1. Report every pair of residues separated by at least 6 positions or lying on different chains whose Cβ atoms are under 7 Å apart, first residue within region 22-46 and in contact (Cβ under 8 Å) with a residue 12 or more places away in the chain and on the phi > 0 side of the Ramachandran plot, second in a helix (DSSP H, G or I) and surrounded by 16 or more Cβ atoms within 10 Å (Cβ to Cβ).
2. Any chance region 75-91 includes a residue that's within 14 Å of the chain's Cα centre (by Cα) and either modelled with pLDDT of 70 or more or surrounded by fewer than 13 Cβ atoms within 10 Å (Cβ to Cβ) (or both)?
3. Residue 71 passes all but one of (1) at pLDDT below 85; (2) assigned to a helix (DSSP H, G or I); (3) in contact with a helix residue (DSSP H, G or I) (Cβ under 9 Å, 6 or more places away or on another chain); which number fails?
4. Could you tell me whether residue 24 is assigned to a loop (DSSP other than H, G, I, E, B) and either buried (at least 16 other Cβ atoms within 10 Å of the Cβ) or within 13 Å of the chain's Cα centre (by Cα) (or both)?
5. Go over the candidates 12, 58, 66 one by one and state the one that is surrounded by 16 or more Cβ atoms within 10 Å (Cβ to Cβ), at pLDDT 85 or above, in a loop (DSSP other than H, G, I, E, B) and out of contact with any strand residue (DSSP E or B) (no Cβ under 8 Å at 6 or more places or on another chain).
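The values are calculated or read from the model by the stated rules, or taken from the named source; none is laboratory data. The structure displayed is predicted, hence computed values, not measured ones. For neighbour counting, all protein chains shown are included, and Cβ atoms are generated from backbone atoms with ideal geometry for every residue, glycine included.
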């Protein structure tokens with residue numbers, strides 16, 4: 001069973017990159033890392049696109065994807081979601 005609240009910043013980035021390769025890269029990866037978002041913060045705010053866009057200063061597209069990623073993690077099949085990612089449906093729910 002996945003326990004996203006226990007992930008540190010690096011584990012969270014790794015999980016995001018597994019679900020959506022290339023979503024966080026270059027400047028946006030640095031912005032995300034500088035915000036020190038760990039699993040606990042992510043779970044508390046991931047459904048709130050404005051948290052990522054306004055407070056973390058990430059582009060709206062990335063902010064929307066992070067919100068969707070939270071939905072994938074919250075689904076009962078979250079552990080399978082990481083193993084069944086494909087380019088057509090990176091966020092199975």
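1. Here the result reads 36/9, each pair linking region 22-46 to a residue that is in a helix (DSSP H, G or I) and surrounded by 16 or more Cβ atoms within 10 Å (Cβ to Cβ).
2. No; the residues of region 75-91 include none that is within 14 Å of the chain's Cα centre (by Cα) and either modelled with pLDDT of 70 or more or surrounded by fewer than 13 Cβ atoms within 10 Å (Cβ to Cβ) (or both).
3. (3)
4. On the way: assigned to a loop (DSSP other than H, G, I, E, B): yes; either buried (at least 16 other Cβ atoms within 10 Å of the Cβ) or within 13 Å of the chain's Cα centre (by Cα) (or both): yes.
The answer is yes for residue 24.
5. Numbers: 12 fails: in a loop (DSSP other than H, G, I, E, B); 66 fails: in a loop (DSSP other than H, G, I, E, B).
The unique qualifying residue is 58.
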